[in-house]
Amino acid sequence: MAVRSILPVGKDSLLIATQQFGFFILDAKGLRAFETPAIKEVAGQSIYQVLILPDKNLLVATRLGGCYVLDQQGQLLERITTNEGLQSQNTLSVKTDRQGNIWLGLDNGIDVVNYTDAIKHIFPEKENHNTGFASAIYNQYLYLGTSAGVYHTQLGTETDISRTRGQFGLVKNSKGEIWGLSVVYDKLFIAHASGAYYVNNGEAVLLDKSIGYWGFQPYGNGNSKQIMAGTYNSISFFDQVNGTVKLHAAGLHSESARFVVQHNGVIWIGHPYRGIFRVLPDKNRALVVTAYTDKEKVISNNNNRIFKITGKLILADDNGIFEYDTKRDKFIRSAYFEKIFGKTPLNYLMEDRYGNIWFTQGKRIGVAGKSSDLHVKPILLSWKISLLIILNTSML
């Protein structure tokens, strides 16, 4: 029996890891096997080394199966393999640094895993790491919208959903580019490059295939259960009656409506390079799209985006970040938001249910979290969107 690691656990116990026979506990009562289905699986991959991580979980390096992260009860939390970016699954040594990163000595190089990073990758399709555009949790399932379609998996009790152990499956009829996933009036809608869909019993049900869609949101005060959707050529409306969703005959046609905000009963549309538009009723009470007159010259030639944050209509473009002043009918530079984010252009803003403001600047992701004193402080989570930094021996 080849012993690979001996580690202290608890006050007076030792964890003994063997190459092929799994784990044992040695304490005052003697030696006994520490067995779970996960430990049995790990033992079958030829254990090479075991390390206790800063969060007290166990990192198990194997010769055949990459690395496993187990909790103190021996349950599988995470597996790191070539599917996640390792150069090889033959792991010969492991160490952690002061930042909690995991360094792996492989048979063909060195990898480092950003284990404590706030950003983690979820790859619904292990072989193809397609671009992700949208996500939603609906009926205890996690849905991910990618450049290849919508994938879903059932969620368990994990607080960190990146450690969900379920297998992802493709939602039937959803293949293609997915721009948005929105839960509106207890239905999950799919904004697809080829049309509008909603999810029913694990399948994508077609609503409209005449145009590509960007996203969905409730329209009005919610009493009518109408749904509004941004499309490639403006806005479409849907009616929901007795659980059935139907495309409203009277839609709007103007510019591509990638960014759509409802503010004080008015629909606003932001187009990256064509400007800002409003949807207002004409003399016959029909909705008409009109261009916003930019008297203050705040709209830039590109990257115009509108959002609704803390109840305010926000314009973020190459010139800065602005708030809409309803009384004066103009966008004014926002001292409040510039104090938070500075003058670096923002690509995206989203307010969560706790009042935190998530944002992107270039390739960086951050969050401005509300503290107890109601002051907002931005934190850049990471500029890397990769799980692994690889140092290949061929470069040395």
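Considering only residues of the stretch 275-292 that are part of a loop (DSSP other than H, G, I, E, B) and in contact with a strand residue (DSSP E or B) (Cβ under 9 Å, 6 or more places away or on another chain), which is surrounded by the most Cβ atoms within 10 Å (Cβ to Cβ)? Explain how you work it out, then say what you get.
Kept after step one, since they are part of a loop (DSSP other than H, G, I, E, B), are these residues of the stretch 275-292: 282-286, 292.
Checking which are in contact with a strand residue (DSSP E or B) (Cβ under 9 Å, 6 or more places away or on another chain) leaves us with 282, 292.
Details: Asp282: 9, Tyr292: 18.
The residue in question is Tyr292.
Evaluate the stretch 169-177: report whether one residue or more is within 16 Å of the chain's Cα centre (by Cα) and surrounded by 15 or more Cβ atoms within 10 Å (Cβ to Cβ). Steps first, answer last, please.
Our first condition is that a residue be within 16 Å of the chain's Cα centre (by Cα); within the stretch 169-177, this holds for none.
There is no residue in the stretch 169-177 that is within 16 Å of the chain's Cα centre (by Cα) and surrounded by 15 or more Cβ atoms within 10 Å (Cβ to Cβ).
Would you mind finding the one in Val113, Val183, Val150, Val171 that is among the β-branched types (Val, Ile, Thr) and in contact with a helix residue (DSSP H, G or I) (Cβ under 9 Å, 6 or more places away or on another chain)? Please lay out each step first, then the result.
Values: Val183 fails: in contact with a helix residue (DSSP H, G or I) (Cβ under 9 Å, 6 or more places away or on another chain); Val150 fails: in contact with a helix residue (DSSP H, G or I) (Cβ under 9 Å, 6 or more places away or on another chain); Val171 fails: in contact with a helix residue (DSSP H, G or I) (Cβ under 9 Å, 6 or more places away or on another chain).
The unique qualifying residue is Val113.
Of everything in the stretch 90-113, what is in a loop (DSSP other than H, G, I, E, B), of a type outside the set (Lys, Arg) and either assigned by TED's automatic domain parsing to the domain that holds Leu170 or out of contact with any Leu (no Cβ under 8 Å at 6 or more places or on another chain) (or both)? Give them in sequence order.
Asp97, Gln99, Asn101, Asn108
Any idea how many residues of the stretch 311-358 are assigned to a loop (DSSP other than H, G, I, E, B) and on the phi > 0 side of the Ramachandran plot?
Initially, the stretch 311-358 is screened for residues assigned to a loop (DSSP other than H, G, I, E, B), giving 311, 318-319, 326-329, 334, 342-347, 352-356.
If we keep only those that are on the phi > 0 side of the Ramachandran plot as well, we get 311, 329, 342, 355.
Looking only at that region, the number is 4.
Residue check: is Arg98 basic (Lys, Arg), out of contact with any helix residue (DSSP H, G or I) (no Cβ under 7 Å at 6 or more places or on another chain) and exposed (fewer than 14 other Cβ atoms within 10 Å of the Cβ)?
Criteria met by Arg98.
Among (1) in a loop (DSSP other than H, G, I, E, B); (2) buried (at least 20 other Cβ atoms within 10 Å of the Cβ); (3) within 27 Å of the chain's Cα centre (by Cα), which single condition is Asn302 missing?
Condition (2) is where Asn302 drops out.
Please go through the stretch 92-111 and give me each residue that is more than 17 Å from Thr62 (Cβ to Cβ) and either small (Gly, Ala, Ser) or in contact with an Asp or Glu (Cβ under 8 Å, 6 or more places away or on another chain) (or both), ordered by number.
Gly100
Can you find a residue in the stretch 205-220 that is exposed (fewer than 15 other Cβ atoms within 10 Å of the Cβ), assigned by TED's automatic domain parsing to the domain that holds Ser174, at pLDDT 95 or above and assigned to a strand (DSSP E or B)?
Scanning the stretch 205-220 turns up at least one residue that is exposed (fewer than 15 other Cβ atoms within 10 Å of the Cβ), assigned by TED's automatic domain parsing to the domain that holds Ser174, at pLDDT 95 or above and assigned to a strand (DSSP E or B).
Filter the stretch 105-143 down to residues that are under 19 Å from Leu53 (Cβ atoms) and of a type in the set (Val, Ile, Thr) and give me whichever is surrounded by the most Cβ atoms within 10 Å (Cβ to Cβ). It would help to see each step written out before you state the result.
First pass over the stretch 105-143, keeping only residues under 19 Å from Leu53 (Cβ atoms): 105-106, 110-121.
Those still in the list that are of a type in the set (Val, Ile, Thr) too: 110, 112-113, 116, 119.
Working: Ile110: 16, Val112: 17, Val113: 24, Thr116: 13, Ile119: 14.
Filtering first and then ranking leaves Val113.
Out of Tyr324, Tyr348, Tyr354, I need the residue that is out of contact with any helix residue (DSSP H, G or I) (no Cβ under 9 Å at 6 or more places or on another chain), buried (at least 19 other Cβ atoms within 10 Å of the Cβ) and of a type in the set (Ser, Thr, Tyr). Which one? Let's see the steps before the verdict.
Working: Tyr348 fails: buried (at least 19 other Cβ atoms within 10 Å of the Cβ); Tyr354 fails: buried (at least 19 other Cβ atoms within 10 Å of the Cβ).
None of the others qualify; the one that does is Tyr324.
Checking Tyr68 against (1) in contact with a helix residue (DSSP H, G or I) (Cβ under 9 Å, 6 or more places away or on another chain); (2) surrounded by fewer than 15 Cβ atoms within 10 Å (Cβ to Cβ); (3) not aliphatic (A, V, I, L, M): exactly one of these is not met. Which one?
Exception for Tyr68: condition (2).
Criterion first (under 27 Å from Tyr138 (Cα atoms), modelled with pLDDT under 90 and in a loop (DSSP other than H, G, I, E, B)) does Lys225 satisfy it?
On the way: under 27 Å from Tyr138 (Cα atoms): yes; modelled with pLDDT under 90: yes; in a loop (DSSP other than H, G, I, E, B): yes.
Criteria met by Lys225.
If we keep just the residues of the stretch 63-89 that are among the charged types (D, E, K, R) and in a loop (DSSP other than H, G, I, E, B), which is nearest to Ile161 (Cα to Cα)?
From the stretch 63-89, those among the charged types (D, E, K, R) are 63, 71, 78-79, 84; that's our starting set.
Next, only the ones that are in a loop (DSSP other than H, G, I, E, B) stay: 63, 71.
Values: Arg63: 27, Asp71: 15 Å.
Once the filter is applied, the top-ranked residue is Asp71.
If you check Ile102, Ile47, Ile52, Ile80, which single one turns out to be within 26 Å of Phe34 (Cβ to Cβ) and in contact with a Phe, Trp or Tyr (Cβ under 6 Å, 6 or more places away or on another chain)?
Working: Ile47 fails: in contact with a Phe, Trp or Tyr (Cβ under 6 Å, 6 or more places away or on another chain); Ile52 fails: in contact with a Phe, Trp or Tyr (Cβ under 6 Å, 6 or more places away or on another chain); Ile80 fails: in contact with a Phe, Trp or Tyr (Cβ under 6 Å, 6 or more places away or on another chain).
Answer to the check: Ile102.
Within the group Ser147, Ser88, which residue is small (Gly, Ala, Ser), in contact with an Asp or Glu (Cβ under 7 Å, 6 or more places away or on another chain) and more than 30 Å from Gly202 (Cα to Cα)?
Working: Ser147 fails: more than 30 Å from Gly202 (Cα to Cα).
The conditions single out Ser88.
Would you say Val60 is closer than 18 Å to Val94 by Cα, in contact with a helix residue (DSSP H, G or I) (Cβ under 8 Å, 6 or more places away or on another chain) and outside any loop (DSSP other than H, G, I, E, B)? It would help to see each step written out before you state the result.
Details: closer than 18 Å to Val94 by Cα: yes; in contact with a helix residue (DSSP H, G or I) (Cβ under 8 Å, 6 or more places away or on another chain): yes; outside any loop (DSSP other than H, G, I, E, B): yes.
Yes, satisfied.
Of all residues in the stretch 165-204 being of a type in the set (Phe, Trp, Tyr) and at pLDDT below 95, which is farthest from Val150 (Cα to Cα)? Before you say what the answer is, go through the steps one by one.
Step one: list which residues in the stretch 165-204 are of a type in the set (Phe, Trp, Tyr), which gives 168, 179, 185, 189, 197-198.
Still in the running and at pLDDT below 95: 168, 185.
On the way: Phe168: 10, Tyr185: 20 Å.
Step by step, filter the stretch 165-204, then rank; the result is Tyr185.
The values are calculated or read from the model by the stated rules, or taken from the named source; none is laboratory data. The structure presented is a predicted model; accordingly, all values stated were derived computationally and were not measured. Please note: Cβ atoms are built from the backbone with ideal geometry, for glycine as well, and neighbour counts cover all protein chains shown.
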